[in-house]
Amino acid sequence: LLALGAPAERTLVHRMGVDVSRFVEAPRTLAVGEPVRFIGVGRMVEKKGFDDAIAAFAAFRATPDAPQATLTLIGGGELRAALEARARALGLGEAVRFTGLLPHAKVAEELARAHVFVLSSRTARSGDMEGIPVALMEAMAQGMPVLATRHSGTPELVEHEVSGLLCAEGDRAGLAANMAAIARAPERWQEMGAAGAAKVRNEFDLNAWNDKLAERLTALYGKA
């Protein structure tokens, strides 16, 4: 907006947020013999980068002494059939599970069982891109460490090595390395999850931003 000539003194950032009261923060732990459960939620469209997540997961599983792990992908969309075919072609079998669309309560149950949230967003060929993904906010509000990309506003939410791990968008090798790093360090999950939950509560609380919006609109009315 500034590059297009909008006056800086009249240009503000107003964030989206989530209703943090809807989410219960729960530390993520790994029981002996339990596989690391990665999870992703979203529309199966190009900008969500689910194909990158599947390829990275396959590469991670192929690394020497890789921890046992699964990947659950929740959602529907135009790319679902192609993504399922790609997972089969990579020989991932039952390690990758596609649930399709689920009711909100079922999504909540899946998230409660999972350990690490994955969203490898990227800019689509059409130019379509994310803002700051709400799915990431919701996962972090529940105390989950996250794996994401340096895409659009995501680095404003996810702090690398603090609440999760970031890589460049489209960097499948980098995402695979981050999967391996976080899977091999379950002792870090609770601290990362707590940092992410605090970030969402302090900076992305929908109710606080609604109050801020009311203040801003009132101020504009006063200047009319």
Cα-only Debye scattering, region 1-128: base-10 log of I(q)/I(0) at q = 0.12, 0.15, 0.21 Å⁻¹: -0.59, -0.82, -1.30
Ala8/Arg125 FRET efficiency (R0 25 Å; Cβ-Cβ; nearest 0.05): 0.15
Computed FRET value (nearest 0.05) for Ala181 with Glu203, which takes r as the C-beta separation and R₀ as 22 Å: 0.30
Stokes-Einstein D for region 83-224, Kirkwood Rh over Cα pairs, 37 °C, 0.692 mPa s (µm²/s): 193 µm²/s
Percent accessible area from carbon and sulfur atoms, the chain, protein chains only, probe 1.4 Å: 55 percent
Cα centre as origin, Lys/Arg/Asp/Glu Cβ charges: region 91-224 dipole, Debye: 180 debye
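Given a 1.4 angstrom probe, what's the average accessible area per residue across the chain, in square angstrom?
Using a 1.4 Å probe on heavy atoms only, each residue of the chain averages 51 Å².
Can you show me the helix-derived [θ] at 222 nm for the chain, built from DSSP H runs with n ≥ 4 at -39,500 (n - 2.57) apiece and divided by the number of residues, rounded to the nearest 500.
-12000 deg cm²/dmol
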Charge tally in the Cβ shell below 13 Å around Leu30, where Lys, Arg are +1 and Asp, Glu are -1, Leu30 excluded: +3
Label-point gap, in nm, between Val32 and Asp211 - each point 7 angstrom along Cα→Cβ: 4.8 nm
Heavy-atom accessible area ranking, 1.4 Å probe, most first, across Thr218, Thr72: Thr218, Thr72
Region 178-224-region 1-72 distance, computed between alpha-carbon centres (Å): 14 Å
Within straight-line cross-link reach of Lys212, aspartates and glutamates at Cα separation under 18 Å, skipping those fewer than 8 residues along the same chain: Glu9, Asp19, Glu203
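The values are calculated or read from the model by the stated rules, or taken from the named source; none is laboratory data. Only a predicted model underlies this, so the values are computations on that prediction, with no experimental measurement involved. Methodologically, a virtual Cβ is constructed for each residue, glycine included, from the backbone with ideal geometry; neighbour enumeration extends over all protein chains shown. To get the accessible areas, we keep the full protein, side chains included, count just its heavy atoms, and leave off ligands, DNA and RNA. Shrake-Rupley method; radii C 1.70, N 1.55, O 1.52, S 1.80 Å.
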